[in-house]
Amino acid sequence: MNSALISMVEKAKRYANEPERITIHDVEVEFRGNNATHRVGLRGDEWHCECDHFKAHALCAHVMTLQRVFGTHLRDEVRYTQERATA
């Protein structure tokens with residue numbers, strides 16, 4: 001390995017141990033739930049999910065899972081969301 005590549009690998013290792021350096025703004029994943037597979041993601045400050053519960057309440061288990069998985073990398077505004085009350 002050349003010295004530049006070795007240096008980059010070492011830097012990547014240091015960065016990986018400092019997760020506070022990373023903030024996620026946009027992400028989209030395919031989530032395999034118990035009943036179906038859904039596209040779930042974050043665009044700016046808005047979560048989205050294809051599941052019926054999210055469509056009705058603006059929150060679902062799929063979004064909550066991503067909030068937990070990526071929690072330390074999310075801004076507070078999107079790390080915690082509240083379910084929308086139904087009329």
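The values are calculated or read from the model by the stated rules, or taken from the named source; none is laboratory data. All figures in this text were calculated on a predicted structure; none of them were measured in a lab. FYI the Cβ positions are ideal-geometry reconstructions off the backbone, even for glycines, and counts take in every protein chain you see.
If you go through the stretch 27-47 and keep only what is under 18 Å from R84 (Cα atoms) and surrounded by fewer than 17 Cβ atoms within 10 Å (Cβ to Cβ), you end up with D45, E46.
Kindly indicate whether T81 is on the phi < 0 side of the Ramachandran plot, in contact (Cβ under 8 Å) with a residue 24 or more places away in the chain, under 14 Å from the mean Cα position of the chain (by Cα) and not in a loop (DSSP other than H, G, I, E, B). Even if it seems obvious, please write down each step before you answer.
Values: on the phi < 0 side of the Ramachandran plot: yes; in contact (Cβ under 8 Å) with a residue 24 or more places away in the chain: yes; under 14 Å from the mean Cα position of the chain (by Cα): yes; not in a loop (DSSP other than H, G, I, E, B): no.
So T81 fails the test.
Would you pick out the residues in the stretch 42-66 that are touching a helix residue (DSSP H, G or I) at 6+ places or on another chain (Cβ under 8 Å), of a type outside the set (D, E, K, R) and over 23 Å from Y15 (Cβ atoms)? Within the stretch 42-66, W47, H48, C49, C51, H53, F54, L59, C60, A61, H62, V63 meet the criteria. If the condition is being more than 28 Å from H48 (Cα to Cα) and either surrounded by 10 or more Cβ atoms within 10 Å (Cβ to Cβ) or modelled with pLDDT under 90 (or both), then the stretch 15-26 contributes only Y15. Of all the listed residues (H48, H57, H38, H62), the sole one being free of Cβ contacts under 8 Å to residues at least 40 places away in the same chain, of a type outside the set (S, T, Y), touching a Leu at 6+ places or on another chain (Cβ under 8 Å) and at negative phi is H48.
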